[in-house]
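Okay, so here's the structure we're looking at.
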Amino acid sequence: LQKYKLSTAIGGVLIFLVQVFINLLLYTVETLIETGNEARKALRVLLAHRNYIVLCDTTSARVCLPHFPELHAAKRHIFPDGEQHKTLQQCENLLAMMLDSELDRNSMLINLGGGTLLDMGGFAASIFKRGISYINIPSTLLAMVDAAIGGKTAVNLHNYRNMIGSFHHPEAVLIFPELLQTLPPEQWLSGCAEFFKHGIIQGEKAWSHVCNLPVKEWFDEHTLVNQAQFKYDWIKGDPFDRNKRQWLNVGHTTAHAIETAYLKNNQSILHGFAVAAGLWIESYLASTLFNADSNFAARLQSRVLEVFPKVELNAEMQRNVIDAMVFDKKGAKGARVFSLPVAPGKIEVVEVAQTAFINEAIEAYRYA
Ligand SMILES: NC(=O)c1ccc[n+]([C@@H]2O[C@H](COP(=O)([O-])OP(=O)(O)OC[C@H]3O[C@@H](n4cnc5c(N)ncnc54)[C@H](O)[C@@H]3O)[C@@H](O)[C@H]2O)c1
């Protein structure tokens, strides 16, 4: 009997170890990140012997596709520009086109565009035939340093941002900095907001870089790829946003709520500008509620106003922002959860129950 018990116990341990191993294999994030000539070579290799279609938006089809002669003969799906089109309906149109194009489980979707398109394309790839491979070719600064990496895919639902989505990592992220030549200045500045956010998370050296250098000198080609690599390394240890990945959401509970309030009003706002306002408001919360380093909060707030345009919020918008925060994906049962910037290299993930504090922070921003 004892022998039987021992072998059952050993069997149990072995099964457990095999399960851990399988989970590790399943959840390992492996994404190739390349730029320049290496990216061009990788693209050719990835395309060889694969059935694929290219997803563009109206602008990326016009200004980015010509950079890729290797994609000219490919079937393409063109999605209308803009966040308001990041919907289930648009996603269904894409899925129908993928079906008509006879894509199978070994086929691939090539997403060429900004974060809006990458989010939707990644989502379609994650659900088509229970998941096919995709590669991201980001064409905005924001997408190169942030949205293309990390496998968060999404569409909006009833104006609530990124409510329907999945974690599905791209097979490769290929960065071609020359695509930025046509990017309008305000879109470039919007991308700088996610770069600024990385500066807060990375600690003193990166923080001093974004605080002290003129924005035009924040990065060159080399730093651009470093930022993409930084995000990739950061999320690798926490692919499902349960732990330290939540630091990357700093400023974003407020930013997404601002974007929802704008969408509800049929107005548009650039994601990076909402993030900059979110960082301001959340640093105010951090300093009033959590004794954050007050010099850091003051510097963050003044830097946001120096670099990024102020986001217009009237009293009605303010109410809508507060209401929308409850729908943020981080919170459970209606709690408003924030990743608050406390010091360079330090973020606290906390619930803020008192609406009065949030109102005060938004009002402070409105009148700053
Ligand atoms: N999945 C993630 O981890 C993640 C992270 C950050 C942001 N996002 C999402 O990214 C989206 C914002 O992305 P975005 O700022 O790239 O905006 P976007 O994709 O809407 O692009 C902005 C505009 O620039 C145009 N454009 C794209 N490339 C261009 C080029 N090379 N030249 C000229 N115009 C060009 C687009 O057509 C669009 O009109 C939001 O939906 C946000 O939720 C996702």
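The count of lysine pairs in segment 128-223 whose Cα atoms are under 24 Å apart, excluding pairs fewer than 8 places apart on the same chain, comes to 5.
Using a Förster distance of 22 Å, how high is the FRET efficiency between Glu38 and Asn226, based on the Cβ-Cβ distance and rounded to 0.05?
Numbers: r = 15 Å, r/R0 = 0.68.
Working from the Cβ atoms, E equals 0.90.
Pairwise Cα distances in segment 154-267 exceed 19 Å in 58 percent of cases. Assuming a ≥ b ≥ c are the square roots of the Cα gyration tensor eigenvalues, decide whether segment 234-368 counts as rounded (a/c under 1.5), prolate (otherwise, with a/b larger than b/c) or oblate. Rounded, since a/c falls under 1.5.
Counting only protein heavy atoms and a 1.4 Å probe, tell me what percentage of the chain's accessible area is made up of carbon and sulfur. About 55 percent, which is the carbon plus sulfur part of the accessible surface. Peptides 95-105, 141-151 ranked from most to least packed give 141-151, 95-105, packing being the mean of other C-beta atoms within 10 angstrom over each peptide's residues. Longest exposed-loop-site-free stretch of the chain, with chymotrypsin sites (Phe, Trp or Tyr not before Pro), DSSP loop and at most 16 other Cβ within 10 Å? Counting only loop sites that pass the neighbour cut-off, the longest clear stretch is 1-239. Peptides 251-257, 38-44 ranked from most to least packed by the mean count of surrounding Cβ atoms within 10 Å: 251-257, 38-44. Ranking Gly150, Leu112, Trp207 by how far each Cα lies toward the positive end of the dipole of the chain (charges on Cβ) leaves Gly150 at the top. Taken over the chain, the convex hull of the Cα atoms encloses 172 Å³ per residue. For segment 184-278, trypsin sites (Lys or Arg not before Pro) are listed when DSSP marks them as loop and at most 15 other Cβ atoms sit within 10 Å of their Cβ; the list is Arg242. Here the simple spin-label model places points 7 Å from the Cα toward Cβ, and for Thr182 and His158 these points are separated by 3.8 nm. Using the Cβ-Cβ distance between Asn291 and Ala356 with R0 = 25 Å, the FRET efficiency computed as 1/(1 + (r/R0)^6) comes to roughly 0.85.
Applying a threshold of 30 Å to the alpha-carbon distances of Lys75/Lys264; Lys41/Lys244; Lys86/Lys231 flags Lys75/Lys264; Lys41/Lys244 as lying beyond it. What share of the DSSP beta bridges in the chain is antiparallel, in percent to the nearest 5? Counting only bridges with both partners in the chain, antiparallel ones make up about 35 percent. Note on Glu171 and Arg299: with the Förster distance fixed at 41 Å, the Cβ-Cβ geometry gives a FRET efficiency of about 0.55.
Once the dipole of segment 298-368 is set up with Lys and Arg at +1 and Asp and Glu at -1 on Cβ about the Cα centre, which of Leu313, Ile347, Tyr367 lies farthest towards its positive end? So the residue furthest toward the plus end is Ile347.
The values are calculated or read from the model by the stated rules, or taken from the named source; none is laboratory data. Predicted model, so just to flag it, every value in this text is computed and none were measured. In this analysis, Cβ positions are derived from the backbone assuming ideal geometry, glycine residues included, and neighbour counts consider all displayed protein chains. These area figures cover heavy atoms from the full protein model, side chains too; ligands, DNA and RNA do not enter into them. Shrake-Rupley method; radii C 1.70, N 1.55, O 1.52, S 1.80 Å.
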